[in-house]
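Below is one structure, written out as structure tokens; comments come after it.
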Amino acid sequence: MKTNYHFQVRWGDTDAAGIVYYPNFYKWMDDATHAYLAAIGYPSSELFEKQKIGVPLLEANCIFKRPLLFEDQVVVKSYVEELHNKVFKIKHVFVRGDQVVAEGYGVRAWTSFKEEKPKAQPIPDNIREKMLPQVEAVEG
């Protein structure tokens with residue numbers, strides 16, 4: 001299962017030529033990650049408020065295939081590509097119409113903020129179960 005995060009490119013997301021400034025892709029991947037967590041029933045705000053759990057970013061990458069422009073309608077299709085004990089890799093595919101315009105990922109750690117120093121924790125089984133069906137086979 002993939003979740004879909006929809007947005008429209010705003011003028012402030014672009015440079016003087018009307019092309020999206022590349023750091024915005026990372027912002028949208030972050031937004032899509034939080035939308036993914038909400039879609040599987042674990043909104044980031046509730047995780048942090050009730051359990052002091054966050055999912056800080058350890059690594060991110062994005063490959064740009066085509067430019068996005070002001071007012072483009074975009075869907076970010078997200079799914080867990082790898083699931084480990086304390087860490088997961090979430091893939092994001094940016095689609096405009098029928099074109100893939102970018103692909104990226106974020107590696108995130110399931111982290112407790114209960115103590116003074118954040119510490120990675122095992123992803124609870126009930127949450128892993130929600131993520132597992134979304135792990136997609138990687139062809140190679």
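The values are calculated or read from the model by the stated rules, or taken from the named source; none is laboratory data. Here the structure is a predicted model, which means the values were calculated and not measured. Quick reminder, even Gly has a Cβ in these numbers, built from the backbone with ideal geometry, and neighbours come from all protein chains shown.
With respect to Val75, is the statement that it is in a strand (DSSP E or B) and within 17 Å of Arg128 (Cβ to Cβ) true? It is false that Val75 is in a strand (DSSP E or B) and within 17 Å of Arg128 (Cβ to Cβ). Apart from one condition, Ser112 fits all of (1) touching a strand residue (DSSP E or B) at 6+ places or on another chain (Cβ under 8 Å); (2) within 25 Å of His6 (Cα to Cα); the exception is (2). Scanning region 118-140 for residues that are part of a loop (DSSP other than H, G, I, E, B), within 19 Å of the chain's Cα centre (by Cα) and modelled with pLDDT under 95 yields Val135, Glu136, Ala137, Val138. Lys77 falls short on exactly one of the conditions (1) of a type in the set (Lys, Arg); (2) touching a Pro at 6+ places or on another chain (Cβ under 7 Å); (3) surrounded by 16 or more Cβ atoms within 10 Å (Cβ to Cβ), and that condition is (2).
Among the conditions (1) modelled with pLDDT of 95 or more; (2) under 14 Å from the mean Cα position of the chain (by Cα), Glu71 misses just one, which is (2).
Restricting the first member to region 1-23 and to residues that are free of Cβ contacts under 8 Å to residues at least 12 places away in the same chain and closer than 13 Å to Leu69 by Cβ, and the second to residues that are of a type in the set (Ser, Thr, Tyr) and assigned to a loop (DSSP other than H, G, I, E, B), the beta-carbon pairs closer than 7 Å and six or more apart or on different chains are Asp15/Tyr21. Scanning region 4-49 for residues that are of a type in the set (S, T, N, Q) and within 10 Å of the chain's Cα centre (by Cα) yields a single hit, Thr33. Screening region 39-72 for residues that are closer than 21 Å to Lys86 by Cβ and of a type in the set (A, V, I, L, M, F, W, C) and picking the one that is surrounded by the most Cβ atoms within 10 Å (Cβ to Cβ) gives Val55. A single member of Tyr5, Tyr36 is crowded, with 19+ Cβ neighbours inside 10 Å and in a strand (DSSP E or B), and it is Tyr5.
Looking only at region 99-117, how many residues end up being part of a strand (DSSP E or B) and either among the acidic types (Asp, Glu) or more than 21 Å from Phe25 (Cβ to Cβ) (or both)? Looking only at that region, the number is 4.
So for region 47-68 (the condition being charged (D, E, K, R), assigned to a helix (DSSP H, G or I), more than 29 Å from Gly18 (Cα to Cα) and free of Cβ contacts under 8 Å to residues at least 60 places away in the same chain), does at least one residue qualify?
First pass over region 47-68, keeping only residues charged (D, E, K, R): 49-50, 52, 59, 65-66.
Of the ones still in play, those that are also assigned to a helix (DSSP H, G or I) are 49-50.
Next, only the ones that are more than 29 Å from Gly18 (Cα to Cα) stay: 49-50.
The next check asks that each one be free of Cβ contacts under 8 Å to residues at least 60 places away in the same chain; those that pass are 49-50.
So far as region 47-68 goes, yes, one or more of its residues are charged (D, E, K, R), assigned to a helix (DSSP H, G or I), more than 29 Å from Gly18 (Cα to Cα) and free of Cβ contacts under 8 Å to residues at least 60 places away in the same chain.
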